[in-house]
1. Failed condition for residue 38, given (1) modelled with pLDDT of 90 or more; (2) closer than 24 Å to residue 94 by Cα; (3) out of contact with any Asp or Glu (no Cβ under 6 Å at 6 or more places or on another chain); (4) of a type in the set (A, V, I, L, M, F, W, C), with all others met?
2. Sort through 63, 49 and tell me the only one that's crowded, with 19+ Cβ neighbours inside 10 Å and hydrophobic (A, V, I, L, M, F, W, C).
3. Within the set of pairs 6+ apart or on separate chains, which have a first residue in segment 21-36 that is acidic (Asp, Glu), a second that is assigned to a loop (DSSP other than H, G, I, E, B) and surrounded by 12 or more Cβ atoms within 10 Å (Cβ to Cβ), and C-beta atoms under 8 Å apart?
4. Looking for something among the β-branched types (Val, Ile, Thr), at pLDDT 95 or above and either surrounded by fewer than 16 Cβ atoms within 10 Å (Cβ to Cβ) or in a helix (DSSP H, G or I) (or both) - is there at least one such residue anywhere in segment 7-22?
5. Which of the residues spanning segment 60-73 are in contact (Cβ under 8 Å) with a residue 40 or more places away in the chain and within 18 Å of residue 33 (Cα to Cα)?
Amino acid sequence: MVNLLNLGINVFTRVNYYNMKVIHRKLGKEKADGLAHIDSNTIEIDERLKGRYRLEITIHEALHILYPKDSETAIIRKSKRLTKVLWEQGYRKVEK
């Protein structure tokens, strides 16, 4: 069993971000795989990403919205750990 507290994630924080919007589009001009817009609770994910990396970037950008005061280093660490746990549990995006 995975203890989320050992991953450095505060599972007891009450967050009011249930309406986080996710936009998938090409982000070539921005030279980024993902973007987080904290003011509008919106994340953008490059639509060309696939597999585990897409999951990691989605988690990474969502963590920026949920924990805007965290450093980039902390966000990277948490997103990699969460991605590892979810990927090992078989979480995948099913393409339509």
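The values are calculated or read from the model by the stated rules, or taken from the named source; none is laboratory data. The model shown is predicted, which means the values in this text are computed figures rather than measured ones. Virtual Cβ from ideal backbone geometry, glycine too; neighbours counted across all protein chains shown.
1. (2)
2. Just a single option satisfies the conditions, and that option is 63.
3. Taking only residues 6 or more apart or on different chains, the pairs are 33/27; 33/49.
4. No, segment 7-22 contains no residue that is among the β-branched types (Val, Ile, Thr), at pLDDT 95 or above and either surrounded by fewer than 16 Cβ atoms within 10 Å (Cβ to Cβ) or in a helix (DSSP H, G or I) (or both).
5. Residues satisfying the conditions are 62, 65.
Results for (1) outside any helix (DSSP H, G or I); (2) within 13 Å of the chain's Cα centre (by Cα); (3) of a type outside the set (Val, Ile, Thr), shown as yes or no for each residue.
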| site | (1), (2), (3) |
| --- | --- |
| 30 | yes, no, yes |
| 64 | no, yes, yes |
| 68 | yes, yes, yes |
| 75 | no, yes, no |
| 79 | no, yes, yes |
| 86 | no, yes, yes |
| 92 | yes, no, yes |
